[in-house]
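See structure below.
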Amino acid sequence: MARDTTGGRTLASSFLGYCVLIFFALVFLYPFVIQIGNSLKTEPDAVSSALSPIPDPLSTAGYERVFLGTDLPLWLGNSVFVTIVVTLARLLLNSMAGYALARLRFRGRAGLFAAVLAILAVPGVVLFIPKFLVLNQLGIYNSYTALILPVIVDAGGVFIMKQFFESIPVSVEEAARIDGAGVFRTFWSVVLPMARPALITLTIISFQATWNEFPHSLVAVQDPALFTLPRGLADLVSGSLGVGTQYPLKLGAAVLATIPVAVIFVVFQRYFVRGANEGSDKG
Amino acid sequence: MAVAARRRGLSTAARENLAGWLFVAPVVVILGLFMLLPILMALWVSLTDWNGQGSPFRSTVPFVGAENYTRLFTEDGLTRQDFMTSLRNNFYYVVIVVPCQTVLALGLALIVNNRLLRGKSFFRAAFFFPSVTSSVAISVVFLFVFANSGAVNNLLGLFGVDGPQWFSDARGLLHLLLNGLGLVDIDAPPAALLEPGPFGLSWWDWLSGPSVAMSTIIMLVIWTTSGTFMLMFLAALQDIPVTLEEAAKLDGAGRKGVFRYVTLPMLKPTLFLVLTLGMISTWQIFDQVYVMSQGNPAKTTLTPAFLSYQTAFRSFEYGSGTAISFVLFAIIVVLTLVQRWIMRDRKV
């Protein structure tokens with residue numbers, strides 16, 4: 001941004017820039033380093049030298065206790081199951097709705113899109129008790145259905161897909177239609193394959209959101225056998241195991257909850273970036 | 001389905017109409033069932049004293065009218081005191097988090113956007129990473145980092161500072177500041193300030209500032225949200241035509257001048273967006289409170305969102321809890337509208 005005429009100033013400002021960047025990189029990443037390091041420590045070591053990332057001695061006792069002494073394997077299974085089902089359902093249902101809102105002429109389309117935008121603006125936190133009321137009334141409270149069904153579509157995803165379909169040329173679809181393909185056939189074999197970039201973005205956003213989702217599981221289930229990983233982890237920290245410190249165990253469980261998203265983040269970073277900026281278009 | 005329609009001899013327009021509705025049907029059903037219907041049901045429940053037993057729509061459930069709402073504002077009692085405390089806590093939280101995350105995000109974006117620096121994508125990823133991780137997992141990490149013998153206090157110890165017991169310290173930062181300046185004595189506040197003030201809370205309580213415990217949640221949230229907002233600023237910065245800044249420089253504008261008169265005005269829409277999104281999300285703080293403090297110590301980390309959860313699911317006062325969430329809803333809607341209005345004003 002600053003290409004100064006004097007080389008000295010440029011050098012100084014780059015140096016200063018790097019210092020600031022490195023300082024903040026440390027601030028943003030060091031907690032994760034501490035987290036991993038301390039999850040591999042013994043209990044007394046984690047208490048006495050919390051700042052140091054190097055375990056001395058190295059101990060996997062925390063992880064052993066996570067897997068053998070808690071229900072974490074079960075929560076992990078639930079999280080994987082719920083995340084996969086929700087993500088697949090969102091891919092199909094959001095893109096169908098997005099396509100219809102972008103391309104198909106049907107009565108009430110404008111009103112429906114306005115409703116989607118309105119729903120997008122409803123703060124999620126306001127829905128805690130209302131969601132519980134509905135799940136309770138429908139008799140599906142405390143079940144996998146309650147964990148999955150209410151979140152298999154999301155207004156944000158519909159919005160992203162609609163924007164995408166509006167950005168691609170209509171000519172290919174028209175050619176398919178002229179060849180006699182029906183609406184669904186055109187959508188399935190012509191439109192969806194073209195939507196790959198948007199679908200990948202949607203997969204990433206939906207995976208990350210569902211994997212990390214906490215409040216929904218809080219109002220949808222109460223049986224520990226149905227807990228997802230964030231719910232179980234929260235329970236572990238504030239529940240009976242929260243007594244005493246047990247930092248290596250808790251940090252280890254938190255590491256396990258972070259790894260899948262971290263891996264996907266590293267591999268698909270540009271899609272995350274796109275997702276974040278799609279979010280900004282909504283406003 | 002389209003095939004069936006064709007067989008029945010529907011016109012193209014009618015078929016497209018049908019296909020359109022079939023395509024949106026799942027979204028309409030799910031959003032209707034789990035967004036719209038719940039809000040309507042909750043509006044009803046907020047007018048009752050339902051305790052969670054049986055259906056809230058039976059005739060035996062006591063109807064109390066607007067009482068759940070009036071108790072929050074006009075009746076002296078624990079309900080109002082807790083609610084007002086939660087509003088105070090959340091207010092201080094918003095007032096600190098929103099400006100800090102915005103300034104930090106903008107600052108990081110400006111530095112990362114510098115064309116002369118290498119390793120941009122690494123730094124961008126590093127700043128953004130906390131935003132994508134689980135709020136629960138990250139709260140667990142911060143519980144450890146800010147523990148009494150944790151990393152932060154170790155670090156402070158290196159500089160000879162005795163760190164506080166972060167999560168059990170209910171003292172307000174504003175109180176501590178006034179105390180430090182010698183204006184008031186935190187252990188014996190002026191009697192005039194201890195008189196009951198607006199909405200049942202004393203002026204002393206209103207003017208506490210965020211507690212030390214709340215400040216850990218404030219730091220956590222600034223740390224996790226700045227990355228996302230940085231990306232928004234970065235996208236906006238990259239949209240500014242280079243020629244514009246070059247032209248300003250040719251006209252003799254210094255670095256500060258270019259920022260003040262070219263870059264900043266171009267960023268205005270993004271700036272307002274970030275402020276609006278920040279405001280909306282900070283009034284909804286819940287996960288971190290649930291994991292880190294449950295409203296403690298001395299209710300200084302209680303927020304309306306957590307209070308509404310606690311009232312409904314722990315005290316089984318669903319009517320009161322729902323009323324709190326609708327008031328919170330109203331607060332968020334009003335703030336959003338105010339910001340939209342200001343934004344429109346600026347554009348003209």
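The values are calculated or read from the model by the stated rules, or taken from the named source; none is laboratory data. All values reported here derive from a predicted model rather than from experimental measurement. Here the Cβ positions follow ideal geometry from the backbone for every residue, glycine too, while neighbour counts run over all protein chains shown. Keep in mind that these areas ignore ligands, DNA and RNA; they rest on the heavy atoms of the full protein, side chains included. Shrake-Rupley method; radii C 1.70, N 1.55, O 1.52, S 1.80 Å.
Looking at region A:171-185, can you tell me whether even one residue there is within 9 Å of another protein chain (Cβ to nearest Cβ), surrounded by 23 or more Cβ atoms within 10 Å (Cβ to Cβ) and touching a helix residue (DSSP H, G or I) at 6+ places or on another chain (Cβ under 8 Å)? Yes: one or more hits. Candidates in region A:213-225 are the residues that are open to solvent by 20 Å² or more (accessible area, probe 1.4 Å) and of a type outside the set (Asp, Glu); of these, the one that is nearest to the other protein chains (Cβ to nearest Cβ) is A:215.
In the set B:208, B:226, only one residue is assigned to a helix (DSSP H, G or I), of a type in the set (Gly, Ala, Ser) and at pLDDT 85 or above; that residue is B:226.
For region B:155-174, the criterion of being within 27 Å of residue A:248 (Cα to Cα) and within 7 Å of chain A (Cβ to nearest Cβ) is met by at least one residue.
Within region A:108-143, the set of residues being more than 24 Å from the chain's Cα centre (by Cα) and of a type in the set (Val, Ile, Thr) comprises A:134, A:140.
Please verify whether region B:109-130 includes one or more residues that are open to solvent by 10 Å² or more (accessible area, probe 1.4 Å) and away from chain A (no Cβ under 11 Å). No: region B:109-130 contains no residue that is open to solvent by 10 Å² or more (accessible area, probe 1.4 Å) and away from chain A (no Cβ under 11 Å).
Checked against the criterion of being surrounded by 17 or more Cβ atoms within 10 Å (Cβ to Cβ), within 25 Å of residue A:89 (Cα to Cα) and either out of contact with any Cys (no Cβ under 8 Å at 6 or more places or on another chain) or within 13 Å of chain A (Cβ to nearest Cβ) (or both), region B:70-93 has no qualifying residue. I'd like to check something: does region A:152-165 contain any residue that is among the hydrophobic types (A, V, I, L, M, F, W, C) and either within 30 Å of residue B:51 (Cα to Cα) or not assigned by TED's automatic domain parsing to the domain that holds residue A:80 (or both)? Yes - at least one qualifying residue is present in region A:152-165. Residues that are surrounded by fewer than 20 Cβ atoms within 10 Å (Cβ to Cβ), at the interface with another protein chain (Cβ under 10 Å from one of its Cβ atoms) and at pLDDT 90 or above do occur in region A:114-124, at least one of them.
Of the set (1) modelled with pLDDT of 90 or more; (2) open to solvent by less than 50 Å² (accessible area, probe 1.4 Å); (3) part of a helix (DSSP H, G or I), all apply to residue A:191 but (1).
Here's a check for you: in region B:316-334, which residue that is touching a residue at least 40 places away in the same chain (Cβ under 8 Å), of a type in the set (A, V, I, L, M) and more than 7 Å from chain A (Cβ to nearest Cβ) is surrounded by the most Cβ atoms within 10 Å (Cβ to Cβ)?
B:324
Apart from one condition, residue A:193 fits all of (1) out of contact with any helix residue (DSSP H, G or I) (no Cβ under 9 Å at 6 or more places or on another chain); (2) touching a residue at least 24 places away in the same chain (Cβ under 8 Å); the exception is (2).
Within region B:26-68, being β-branched (Val, Ile, Thr) and either free of Cβ contacts under 8 Å to residues at least 60 places away in the same chain or part of a loop (DSSP other than H, G, I, E, B) (or both) holds for B:27, B:28, B:29, B:30, B:39, B:60, B:61, B:64. Taking the criterion of being without any contact (Cβ under 8 Å) to a residue 60 or more places away in the chain and open to solvent by less than 10 Å² (accessible area, probe 1.4 Å), the residues of region B:148-178 that qualify are B:150, B:151. Listed by position, the helices (runs of 4 or more DSSP H) contained in region A:22-133 that have at least 2 residues being touching a residue at least 12 places away in the same chain (Cβ under 8 Å) and over 22 Å from residue A:210 (Cα atoms) are A:43-48, A:61-69, A:72-103.
The residue that is modelled with the lowest pLDDT, among those in region B:335-348 that are away from chain A (no Cβ under 12 Å) and part of a helix (DSSP H, G or I), is B:347.
Restricting B:220, B:267 to residues that are facing chain A (nearest Cβ under 10 Å), part of a helix (DSSP H, G or I) and hydrophobic (A, V, I, L, M, F, W, C) narrows the list to B:220.
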